[in-house]
Amino acid sequence: MSGSNVPQPLIEARNLTMRFGGVTAIANVDLSVAEGELRCLIGPNGAGKSTFFKMLTGQVMPSEGEILFRGTRINGFEPHDIARLGIGIKTQVPNVFDGLTVRENLWIAASRRNRGKATERAVARELERLELGSIADRLVGQLAHGQRQWIELGLVLLTEPALILLDEPAAGMTEDETVRTAKLIGIIKQSCALIVVEHDMKFIRMIASRITVFDRGRILVEGEADAVLSDQRVRDVYLGKRAA
Ligand SMILES: Nc1ncnc2c1ncn2[C@@H]1O[C@H](COP(=O)(O)OP(=O)(O)O)[C@@H](O)[C@H]1O
Ligand SMILES: [Mg+2]
């Protein structure tokens, strides 16, 4: 450790670059997220958000640069190794057992970290925190889309990650489900850091946090929600206008 008072970032990308053949999806990106921070990544289609995310989760290997998690270089690690280090990933691909109840699904996740009574306590805590108590004994296969998403969040939380990566958590949700998801993110951020890729601006405003805007593989603007969302450059890229 250095003697400076600047805390080490939780996760840091340095000069991160990803090329697919002739396409540079991410170009020399430097980005860091602190312990406990909630960060949103936004940007127009094709900006490189998903590619950046996939590098953090180990789904694609960067062409250049590095990713450090609490100082450990993780690029090239397999997704399950990244998960074991404390990065929880909630993908859009469902990861739940439809034929089991909510409680049973959570119990399976909790039992990987706990033994005996502690497993049940962890499940009860998560049901309460995510306000899923009323559907605890329902089969997951019979739940609405939004409810399934919250259960998947619960499964990730039960792995006790230091960082959770969420890929468009509000996608396909109704207005009410979106509001509830924003509220849940507010609760979750009390116990870990989050990076949220999202293009629903209403949702971004609800969770109002520090935002990094990607455009054409580079960081266009970074800052607090109010400033970023009213920034003319950000408005222009969303309207399809670009500075020369
Ligand atoms: N597997 C791939 N092969 C080739 N090009 C890709 C691949 N994945 C992404 N790209 C390209 O990289 C750029 C960034 O894409 P992406 O990361 O999906 O952007 P976003 O998620 O911001 O919409 C786009 O030009 C896209 O076509
Ligand atoms: Mg994408």
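Restricting attention to segment 38-68 and to residues that are more than 16 Å from ligand 2 (Cβ to nearest atom) and in contact with a Pro (Cβ under 9 Å, 6 or more places away or on another chain), the residue that is modelled with the highest pLDDT turns out to be 68.
Take the conditions touching a residue at least 60 places away in the same chain (Cβ under 8 Å) and buried (at least 18 other Cβ atoms within 10 Å of the Cβ) and apply them to residue 43. Does it pass? Steps first, answer last, please.
Values: touching a residue at least 60 places away in the same chain (Cβ under 8 Å): yes; buried (at least 18 other Cβ atoms within 10 Å of the Cβ): yes.
Judged against the criteria, residue 43 is a match.
Output yes when any residue across segment 116-129 is part of a loop (DSSP other than H, G, I, E, B) and over 26 Å from residue 238 (Cα atoms), and no when none is. Checked segment 116-129: at least one residue is part of a loop (DSSP other than H, G, I, E, B) and over 26 Å from residue 238 (Cα atoms). Against the numbered list (1) free of Cβ contacts under 8 Å to residues at least 60 places away in the same chain; (2) outside any strand (DSSP E or B), residue 15 comes up short only at (2).
Given the condition closer than 22 Å to residue 31 by Cα and away from ligand 1 (no atom under 16 Å from the Cβ), answer yes or no: does some residue in segment 144-162 qualify?
Yes, segment 144-162 contains a residue that is closer than 22 Å to residue 31 by Cα and away from ligand 1 (no atom under 16 Å from the Cβ).
What are the residues in segment 137-186 that are touching a residue at least 40 places away in the same chain (Cβ under 8 Å), out of contact with any Lys or Arg (no Cβ under 9 Å at 6 or more places or on another chain), assigned to a loop (DSSP other than H, G, I, E, B) and over 24 Å from residue 52 (Cα atoms), if any? The one that is touching a residue at least 40 places away in the same chain (Cβ under 8 Å), out of contact with any Lys or Arg (no Cβ under 9 Å at 6 or more places or on another chain), assigned to a loop (DSSP other than H, G, I, E, B) and over 24 Å from residue 52 (Cα atoms): 143. How about segment 192-244: which helices (runs of 4 or more DSSP H) wholly inside it have at least 3 residues that are surrounded by 19 or more Cβ atoms within 10 Å (Cβ to Cβ)? By residue number, 201-207. Assess whether residue 29 counts as being of a type in the set (A, V, I, L, M), within 12 Å of ligand 1 (Cβ to nearest atom) and part of a loop (DSSP other than H, G, I, E, B). Judged against the criteria, residue 29 is not a match. Here residue 98 meets each of (1) away from ligand 1 (no atom under 12 Å from the Cβ); (2) assigned to a loop (DSSP other than H, G, I, E, B); (3) not assigned by TED's automatic domain parsing to the domain that holds residue 151 with one exception, condition (3).
In the set (1) of a type in the set (Gly, Ala, Ser); (2) surrounded by 14 or more Cβ atoms within 10 Å (Cβ to Cβ); (3) within 16 Å of ligand 1 (Cβ to nearest atom), residue 182 fails one condition alone, (3).
Checking each residue in segment 13-26 for being at pLDDT 95 or above, more than 8 Å from ligand 1 (Cβ to nearest atom) and of a type outside the set (S, T, N, Q) picks out 13, 14, 16, 19.
The values are calculated or read from the model by the stated rules, or taken from the named source; none is laboratory data. In this text, all values refer to a predicted model and were calculated from it rather than measured experimentally. Ideal geometry is used to build each Cβ from the backbone, glycine not excepted, and the neighbour counts take in all protein chains shown.
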